[in-house]
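Presented below is the structure to which this report refers.
The values are calculated or read from the model by the stated rules, or taken from the named source; none is laboratory data. Keep in mind it's a predicted model, so treat the numbers as computed, not measured. Cβ atoms come from the backbone with ideal geometry, glycine included; neighbour counts cover every protein chain shown.
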């Protein structure tokens, strides 16, 4: 009997659905890369393999100084937000998990309650704050709403709950202060959570569009998604250039996923078990 005949019908159905789902997910990405290799006359040709592929779009967009500025803006903001989230979410999560103080559960519930507020409802308060403090058209204005997140705090708190208190007590007996215990003892024990949080934060800030579009008006302050939208004007849409820019912008996210996918899967699985 072949391996296929030995497989259970349910498993075959599951594999088939996963395969079809994979095709649905991958096809738009392939179409994006395909369109980036076409000139304006071939954009609406739906063939995945261009009849006359060209690299002129990549040459044009890479020679445009604005694109490099937008790329570096997105990279700086995504890295800054990632470092901030790993540090502050980890610190708050550790405090809520390992310290007993009045109102601890209330604080945790208050943080979780912010997850139920749609981002669109927070845009106006964020904008008023940025305007009042002079943060419009600045890196700080773009990044400050994402320096800490309720999701990251929840994730880190759940993981720190599993860290044995005996390790922490031993460190206290050795004379370490609480910050050093958190940094050198507790943090290395929750590496999967840190990795997952860093990846999700980086990707979320790398692809952010609505808030950077609102808070920045000067082209030199645009992030990559906002800058690419400028290729679409009222008279026409340069689809080949948008797809080329999107293809270049996608490469770092694909690289991050391919290199760190085991941390993503492990972090999500463990977070689900601990939730």
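Per-structure values
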{"read-out": "Lone qualifier among 72, 115 - being free of Cβ contacts under 8 Å to residues at least 60 places away in the same chain, under 30 Å from residue 38 (Cα atoms), in the same structural domain as residue 190 (by TED's automatic domain parsing) and assigned to a helix (DSSP H, G or I)", "value": "72"}
{"read-out": "Test: residue in region 168-175 that is out of contact with any helix residue (DSSP H, G or I) (no Cβ under 9 Å at 6 or more places or on another chain), surrounded by fewer than 18 Cβ atoms within 10 Å (Cβ to Cβ), in the same structural domain as residue 83 (by TED's automatic domain parsing) and at positive phi", "value": "yes"}
{"read-out": "Hits in region 47-73 - residues which are surrounded by fewer than 13 Cβ atoms within 10 Å (Cβ to Cβ) and in contact with a helix residue (DSSP H, G or I) (Cβ under 8 Å, 6 or more places away or on another chain)", "value": "47, 48, 49, 51, 52, 68"}
{"read-out": "Top-ranked residue of region 247-258 - restricted to ones that are surrounded by fewer than 19 Cβ atoms within 10 Å (Cβ to Cβ) and within 18 Å of residue 223 (Cβ to Cβ), ranked as farthest from the chain's Cα centre (by Cα)", "value": "248"}
{"read-out": "Scope region 119-146; condition surrounded by 14 or more Cβ atoms within 10 Å (Cβ to Cβ), part of a loop (DSSP other than H, G, I, E, B) and either on the phi > 0 side of the Ramachandran plot or free of Cβ contacts under 8 Å to residues at least 24 places away in the same chain (or both); matching residues", "value": "137"}
{"read-out": "Leading residue by the ranking (nearest to residue 42 (Cα to Cα)) among those in region 201-246 that are assigned to a loop (DSSP other than H, G, I, E, B) and without any contact (Cβ under 8 Å) to a residue 60 or more places away in the chain", "value": "236"}
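Here's the yes/no breakdown for (1) part of a loop (DSSP other than H, G, I, E, B); (2) at pLDDT 90 or above:
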position: 17; (1), (2): no, yes
position: 21; (1), (2): no, yes
position: 29; (1), (2): no, no
position: 44; (1), (2): yes, no
position: 47; (1), (2): yes, no
position: 53; (1), (2): yes, no
position: 58; (1), (2): no, yes
position: 62; (1), (2): no, no
